[in-house]
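I have placed the structure first, in the form of structure tokens, so that the comments after it can refer back to it.
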Amino acid sequence: MIFIFTISFLLVVAGLIYIPIYKHSLPLDFKIYEGNFKELGSIARIGFFAALAIYPIFLLLKWKPLSHIKKGNFELKPLIQFLVKYVRQWHVPVALISTALIILHGIWL
């Protein structure tokens, strides 16, 4: 967890240092780079949606009829519990990295 936070923090700091120093070395028409940084915003938006996925998944777990949903030997509840394990573990690092991408996106545009 600390490793992901450190990487996110270093990305933000690197962006804040790199952009003001080297902005003058870009071609005068730096509009060609605008599309790349718009993509950062779109990727970050997907990351935020993935981070917010924790709430509907937990609501599904609390839903009583979920334990009765079966198709042959397949039950849905163990699959949801498996997803909860990883969503709980990764939703904060994904949100932190998405925030770093939003900051880089905001500096350029």
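The values are calculated or read from the model by the stated rules, or taken from the named source; none is laboratory data. Please read these numbers as outputs of a predicted model, since none were measured by experiment. Here the Cβ is made from the backbone with ideal geometry for all residues, glycine too, and neighbour counts use every protein chain on show. Remember, those area values only see protein heavy atoms, side chains included, never the ligands or the DNA or RNA. Shrake-Rupley method; radii C 1.70, N 1.55, O 1.52, S 1.80 Å.
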ask   = Measuring from label point to label point, each 7 Å out along Cα→Cβ, what is the R45 to F5 span in nm?
value = 2.9
inquiry  = Could you sort the peptides 61-69, 76-84, 42-50, 97-105 by per-residue average Cβ neighbour count (10 Å cutoff), highest mean leading?
reply    = 97-105, 42-50, 76-84, 61-69
query = At a 1.4 Å probe, what is the % contribution of carbon and sulfur to the accessible area of region 47-109?
reply = 71
